[in-house]
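The values are calculated or read from the model by the stated rules, or taken from the named source; none is laboratory data. None of these values were measured; they are calculated from a predicted model. Cβ sites come from the backbone with ideal geometry, for glycine too, and all protein chains shown count toward neighbours. Side chains included, ligands, DNA and RNA excluded: accessible areas come from the protein's heavy atoms. Shrake-Rupley method; radii C 1.70, N 1.55, O 1.52, S 1.80 Å.
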Amino acid sequence: NALESVDEALEGIRFRPLFPAAESPLGFLRRLPTIAAALREEVAAAEVVHSNNSQLYRPFEFMALLLASFLGKNTISVTDIDHRRSAMMRYRAGYWTLKEYLSTRLLHDPFQHVQQQFGVRRFSLVLLKSAALVRDYGAARPNVKNFLDSAFSREHLIGPERLAAKLREIEDPQTPLQVVYFGRLVNEKGVDAMLRAVARALERGARVRFDIIGNGPAEASLRASSRALGIDAFVRFVGAVPFGLVLFEHLYRSHVLLAAPISEDTPRSALDANAAGIAVLAYDTQYYRELAGIGAGVELVPWGNAEALGDRLAELDSSRRHLGALMKNSVEFAAENTQEVWLDRRVNWTRGLFELAES
């Protein structure tokens, strides 16, 4: 990922450290009285406290929301991922041991459940990046909102002329499908499964090229997998590209985004891809299923099945008209879900907290 400098004074940001980043659970427990005192001091001086659920062994974020609630402050809680199925998925995928699975299901997941239940009842505004979480916890509560959290702006939407040219391009069956992944190169993203899918699609005679944009600790093993699969001639490791128009110039040339997460994930790459006129071919996880259900250009295959991912990629190569329809759906969906649209909603929801307090 590319980094940028932030002027803290200009942005009105002040950082108050509470404990070392590498602190052990026992060390955190020893520091708990000091941490609680510092949080109370900061919360007392704030008008709005914005935080999220905590991990079991470091519950400082949720503690801040609790303190704010008891002190009568406006509270905003955000849950970014619905992780209720993640433990099972990681265990089934072979990434977790039985011990890790059981400890998560018996300790960590119940802790998240209790926080979520309490939050929807006590916090001023609860933003959940999941329609399923809203359904299961929020019901008809007016303070609970489904928040898509787009990162792309209106300026990133592919223009009509460029989209039309792209659609004409894929009408030619000799034109290779440009497949892409962009994001961190870590095991959890399932890029190794994408490589296997591309290999299978090539075996079935598909015309595809695969760009991998990003960097991370899994890059060396992914390069080795590409060589072992014999598909190096069809795979390009682009490296990290900064978010913005530079990245979107790459995306405008692509046709299909692959997504094969090991566990539940809510990557904004799916929305960025839609903005660039790219169809998304993904494992059937909660996030991608919800996007498909609300009109995004998303096709699903069974979770964890790299062969099905490759088969469907080959089918998209031979069904260019269907692929074109998906790409059109992508852009129409993205135009209604820009960052500006969702930030306006978030701003209005936040302002509403103060209007309620005044009334």
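Please go through the range 324-340 and give me each residue that is aliphatic (A, V, I, L, M), closer than 24 Å to T285 by Cβ and in contact (Cβ under 8 Å) with a residue 40 or more places away in the chain, ordered by number.
Scanning the range 324-340 gives L326, M327, V331, A334.
From the set of residues in the range 4-32 that are over 22 Å from V49 (Cβ atoms), in a helix (DSSP H, G or I) and modelled with pLDDT of 90 or more, which is most open to solvent (accessible area, probe 1.4 Å)?
Applying the filter and picking the extreme gives R30.
Among all residue pairs at least 6 apart or on different chains, which show Cβ distances below 6 Å where the first residue, located in the range 208-237, is more than 24 Å from E169 (Cβ to Cβ) and the second is open to solvent by 70 Å² or more (accessible area, probe 1.4 Å) and assigned to a helix (DSSP H, G or I)?
Partner pairs satisfying both residue conditions: A218/N187; S226/D232.
Of everything in the range 324-341 that's part of a helix (DSSP H, G or I) and either β-branched (V, I, T) or open to solvent by 50 Å² or more (accessible area, probe 1.4 Å) (or both), which residue is nearest to D172 (Cα to Cα)?
The selected residue is K328.
Please go through the range 187-220 and pick out each residue that is surrounded by 20 or more Cβ atoms within 10 Å (Cβ to Cβ) and in contact with a Pro (Cβ under 7 Å, 6 or more places away or on another chain).
K189, G190, V208
Restricting to the range 225-249, what's the tally of residues that are within 27 Å of H156 (Cα to Cα), part of a helix (DSSP H, G or I) and open to solvent by less than 40 Å² (accessible area, probe 1.4 Å)?
2
Could you list all residues from the range 305-323 that are touching a residue at least 40 places away in the same chain (Cβ under 8 Å) and surrounded by 19 or more Cβ atoms within 10 Å (Cβ to Cβ)?
A306, L309, G310, L313, A314, L316, D317, L323
Count, please, the residues in the range 119-166 that happen to be surrounded by fewer than 18 Cβ atoms within 10 Å (Cβ to Cβ) and assigned to a helix (DSSP H, G or I).
12
Given (1) out of contact with any Leu (no Cβ under 6 Å at 6 or more places or on another chain); (2) under 30 Å from A240 (Cβ atoms); (3) without any contact (Cβ under 8 Å) to a residue 60 or more places away in the chain, identify the lone condition not met by L102.
Unmet for L102, out of (1) out of contact with any Leu (no Cβ under 6 Å at 6 or more places or on another chain); (2) under 30 Å from A240 (Cβ atoms); (3) without any contact (Cβ under 8 Å) to a residue 60 or more places away in the chain: (2).
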